[in-house]
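One structure is given here, and the rest of the page talks about it.
The values are calculated or read from the model by the stated rules, or taken from the named source; none is laboratory data. Note that the coordinates shown come from a computational prediction; the quantities given were computed from them, not determined experimentally. No Cβ is skipped: glycine too gets one built from the backbone with ideal geometry, and neighbour counts run over all protein chains shown.
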Amino acid sequence: MGQISLKGIKKSFGAVDVLKGIDLEVGDGELVVFVGPSGCGKSTLLRMIAGLDQPTAGTIAINGTDVTPRSAADRGLAMVFQSYALYPHMSVRQNMAFGLQNTRMARAEIDARIADAARLLEIEPLLERRPGQLSGGQRQRVAIGRAIVRRPTAFLLDEPLSNLDAELRVSMRAELSALHARLGATMVHVTHDQVEAMTMADRIVVLRAGRIEQVDTPLNLYNRPANLFVAGFIGAPGMNMFGATMARGVARLEGGPEIDLGGLPLPPSGAVTLGIRPQHLLLSEGVEADLTAKVDLIEALGSETVVHATLNEGAKLLAVLPGQPALARGDVVGFDVDPAMVHAFGADGVRLAGF
Amino acid sequence: MSRVSAFLFRRRGGKGWHWTDVVTFGWLFFGVIVMFGPALWLIMSSFKSPAQLAEFPPTALPYESRTVVVEGYDKPLPLFIVTDEAGTRTLAEVRRVGTTAQMVDPANSGEIQRVNIANRVPDRQVGFAWDNYVQPFLAFDFMLYLKNSVFVTVVATLITLLTNSMAAFALSKYEFRGRNAVMLTVLATLMIPLSVILVPLYSIISAVGLFNSLWGVILPTVATPTGIFLLRQYMLTIPDELLEAARMDHASEWQIYWRIVLPLTAPALAVLGIFSVVWRWNDFLWPLIVLSRKEVYTLQVGLNTYAGELNVQWHFILAMTVVTMIPVVIVFLFLQRFITTGIAGSGLK
Amino acid sequence: MPASMPMWPRPWLPPAETEGIVAQLKQMAGAVVTAPLGWAARAIDPPLRLWQRLTGTGGMAAFFLLPNMAIFGVFVLLPLVINFAYSMTTGGALFLSDREYVGAAQYAQLLDCDDYTDPSTCAQDQFWTALANTALFVVLQVSLLIVTATITALILNRELRARSFWRAVFFFPVLLSPVVVGLIWRWILQRDGLLNAMIIPMGLDPVNWLIERNWAFAAAIGVTIWAHLGFYALILLAGLQAIPKDLYEAAEMDGTKPGRVFWRITLPLLMPNLLVVIVLALIRAVQVFDEAFVLTGGGPGTATLFLTQYIYEVGFASLLKNPGLAAAASILMGAVLVVLTLIQLAISRRNEKKGKLK
């Protein structure tokens, strides 16, 4: 069992409010990712779950028991730190044994658990080495191993992949997901990398400035972002945003072009923000394109092509086109918009009802 | 020799001899003579017999008179090289009367020859008066002083390391009310050397019954602000995440200190330990005040007392000065680079 | 100073060939030392866990601070307070309750002089002699010490082979005990000593170095410089090595003469270290005692009587002990030291700030 529930968590450092009321339920066996820009409070939240920081207000319960007043040691959780925090003066084996010895576990049991974890993580040949003699990826595994041997109620991972190089990060990401599937344990993972969040999470918690913006599965976040912030944060490259005015089912973008959004449940009039993902812009075949833009820059990636362009009205536009279309800088091209792929947000930035 | 000088003189850059090069090597060789010379002279002198020490001008090396056992005489007789009208020969002295010495030929012991003492020089060989080193331990209390010094040094250093590291841990890894006040107090006491509080400290030591006790020497010296600063500065470089990881690992705060922070502070502890050993071994003024009975003297106080006696027995004092110097020289030889980088990094002494 | 200590340098490691022996020794020492220590550390863990549970981390901080602060309070802070009480009471008694309150009378007595240029007209002529001697000593010793230490550091900073050997040469006396230093030089400077033996062949008359007033004073200066030169040279050397090499290369490209390089580049950039070293040397020189005491015992007469020795004599050594007077004198000396230390802290703090800006 590893169910965590947060109620009304607030945290202030002096006059600065870092968290402004967080309510969240993490189910047993779930892999939840906290994501958000730096300074959003995601690491602070994780540290409070761990017991390393105390909330200013609110309660933290694990499996229904209020653990708010308990110290970090007594919550039965394990944490993997951003810097791994391996004890540099102990061997890998001692690093993994340290926490178990502190609970006065029998020696044979300790050895068995270390052997299990080492086999699982394929670090058996490294057991007698010191952390200083390991590569970044190996240290990462040891840090995870140290958490695994504890058999914790839940794993807390604080940006565990951010110190790895790009290639290693991708493979460790996959390994962590596989490990989660295998252990079936609750994991709370903090990252600022939305790709990491999308690929690993059962559910993503998007945080900004101390508040939860949205909690949902990765695809729901992508397909139905609850507000402008989530829409801009999830998905790469970022979503194109256009200010527009509605009139009789037709959206008039600032400066001229009109897109017929007939049939969509949009308000008959008023100001909205339209969001279109770069992947959802299609190169127009016909003469009548929804949007006409002049190409500024082309990034050909082979499988797809990223086009930076400027609308006639001066707004910037980004399109990701499949394949290798024959385009050159300075070309004027037309883009079609599939109304079904358009996101619309009200003046307050919240997704319009009915979408 | 030329290879040694070629090694020492080779400069990394430049070709000809600039005047600054001349100054450089002039200063360096002057330095070798002035810095090493006195200690070397001390060591050589410490092996000389009292008679040799009284000689002026002194010889560089210690000598001892050659002696010979001559038939018919109980004690070995000193040998002299006699040069007069009868030629040069080696004779043994039986006794001396005024300016005339009665001497015998060791090979022909029956015949006494009378020789003017101006016509002879002692027959000597390089020899070491080890007795200078043996006697103080047997006949005087030096063994006791040595024991006291070792006790003071070891105990004071251990207490210093333990208490300073504990305080440094609290001051570097905890947020608590009054931390700045404590830091400020520690900082302020940097300004109060022992010499300023001699009188009241003496009365406190007496009041708690530590006068003439080695603990009276040890305790006032162990709470060094320098040690706290050095260790705290080092502990600040230990990432807090390590401590948090240990807390997650169910470690108590004491275990965090003892099993995580202390081992990681080992380099700084080593530096403080070395310095503490040197400081406590060399302490003089405070032991001089607290210790007034010979049984509790440390080496430094004992040495000074002997050197202050009316009839200064230099042959013993020089030898014991060398003995007092030995531990520090050993520390220096083995840990020289460790110490010098330590000073350069911290300005600690 | 420690307060401004940068990241700790890499510790020195023994050469590879000794590693095996060192490891073995370590293991043996480790077993002997850590076994009982580890046992003790484990034994006190359970009560400490309980304490931690009861008082939280604040209580633990107090626990860790307690031993040091208790010793500190009893043997440093308390004496400091009592010192003032002593300085305002008189008599030979040790306990304050048995002493007679006299207010500032003892300070007045110390400072009472008919003619301040002549110590013999003062009520406490020894104090003024010691004060005058100390002042002269501080000025001469510190200036000579700083000049020689700077020259040594500059020379050690050149591109020398075997630099660590030369550095060791100058550093070696720093670790010697003051008693050893005093005795070594007493032996050399005595009437039939090595120095006289060396100057007679040069056609000079032998000098009774430690018996003639001026020579004894000079000897005190020379010997203390000999003993401490290496320490200050080492700090200055570290400062010199922190000056970027490319500055010198740029100056060389411009064809700058060595003298000009020293005055325009080295000295200004060394100034922060130099200031710290000067104040440190001042603080030490004001308290001069050990080496001089062993060397000359304050003599001949009072020619090398310095303040600390005065305090020692008045408070402890003389037949008519006067702890009150000694306390008053030590407070006056302490005041000077506090001012000097504050200057030093201000300089190090400024240096630290400058360092951060870079």
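Before moving on, here are some points about what is shown:
- Test for residue B:124: is it farther than 30 Å from residue B:300 by Cα, modelled with pLDDT under 80 and over 22 Å from the mean Cα position of the chain (by Cα): yes
- Selection count, segment A:1-49, where residues are assigned to a loop (DSSP other than H, G, I, E, B) and under 20 Å from the mean Cα position of the chain (by Cα): 10
- Every condition in (1) more than 7 Å from every other protein chain (Cβ to nearest Cβ); (2) of a type in the set (A, V, I, L, M); (3) free of Cβ contacts under 8 Å to residues at least 12 places away in the same chain is met by residue B:204 except one, and the failing one is (1).
- Only one of the numbered conditions (1) within 12 Å of the chain's Cα centre (by Cα); (2) more than 18 Å from residue A:36 (Cβ to Cβ) is not met by residue A:224, and that is (1).
- Matching entry among B:267, B:239 (being within 14 Å of chain A (Cβ to nearest Cβ) and modelled with pLDDT under 90): B:267
- Residues that are modelled with pLDDT of 90 or more and either more than 8 Å from chain B (Cβ to nearest Cβ) or on the phi > 0 side of the Ramachandran plot (or both) within segment A:69-82 comprise just one, A:80.
- When B:44, B:103 are checked against the criterion of being at pLDDT 80 or above, surrounded by 19 or more Cβ atoms within 10 Å (Cβ to Cβ) and of a type outside the set (Ser, Thr, Tyr), B:103 stands alone in meeting it.
- The selection criterion, being surrounded by 18 or more Cβ atoms within 10 Å (Cβ to Cβ) and either modelled with pLDDT under 85 or not assigned by TED's automatic domain parsing to the domain that holds residue C:307 (or both), holds for residue C:193.
- For the residues C:167, C:161, the requirement of being at pLDDT below 85 and facing chain B (nearest Cβ under 8 Å) singles out C:161.
- Of the criteria (1) in a strand (DSSP E or B); (2) in contact with a Leu (Cβ under 9 Å, 6 or more places away or on another chain), which one residue A:88 fails: (1)
- Meets criteria (out of contact with any Leu (no Cβ under 6 Å at 6 or more places or on another chain), β-branched (Val, Ile, Thr) and more than 21 Å from residue C:84 (Cα to Cα)) for residue C:304: yes
- Test for residue C:134: is it more than 10 Å from chain B (Cβ to nearest Cβ) and under 20 Å from the mean Cα position of the chain (by Cα): yes
- Selected residue (criterion: surrounded by the fewest Cβ atoms within 10 Å (Cβ to Cβ)) from residues of segment A:300-317 that are outside any strand (DSSP E or B) and touching a residue at least 60 places away in the same chain (Cβ under 8 Å): A:313
Table: residues versus (1) modelled with pLDDT of 85 or more; (2) closer than 24 Å to residue B:283 by Cα; (3) over 23 Å from the mean Cα position of the chain (by Cα).
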position: C:218; (1), (2), (3): yes, no, no
position: C:223; (1), (2), (3): yes, yes, no
position: C:235; (1), (2), (3): yes, yes, no
position: C:249; (1), (2), (3): no, no, yes
position: C:291; (1), (2), (3): yes, yes, no
position: C:305; (1), (2), (3): yes, yes, no
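- Subset of segment C:86-123 [in contact (Cβ under 8 Å) with a residue 24 or more places away in the chain and in contact with a strand residue (DSSP E or B) (Cβ under 9 Å, 6 or more places away or on another chain)]: C:88, C:89, C:90, C:91, C:99, C:102, C:106, C:110
- Taken over segment B:163-182, residues that are more than 7 Å from chain C (Cβ to nearest Cβ) and crowded, with 16+ Cβ neighbours inside 10 Å amount to 5.
- Here A:295, A:333, A:320 are screened, and the one residue that is more than 27 Å from residue A:246 (Cα to Cα) and in a strand (DSSP E or B) is A:295.
- Exactly one residue out of C:346, C:329, C:335, C:317 is of a type outside the set (Ser, Thr, Tyr) and buried (at least 18 other Cβ atoms within 10 Å of the Cβ), and it is C:329.
- Hey, residue B:216 within 30 Å of residue C:318 (Cα to Cα), crowded, with 24+ Cβ neighbours inside 10 Å and either touching a residue at least 60 places away in the same chain (Cβ under 8 Å) or within 14 Å of chain A (Cβ to nearest Cβ) (or both) or not: yes
- For segment C:299-358, residues that are closer than 26 Å to residue C:276 by Cα, part of a loop (DSSP other than H, G, I, E, B) and either facing chain B (nearest Cβ under 9 Å) or in contact with a Phe, Trp or Tyr (Cβ under 8 Å, 6 or more places away or on another chain) (or both) total 1.
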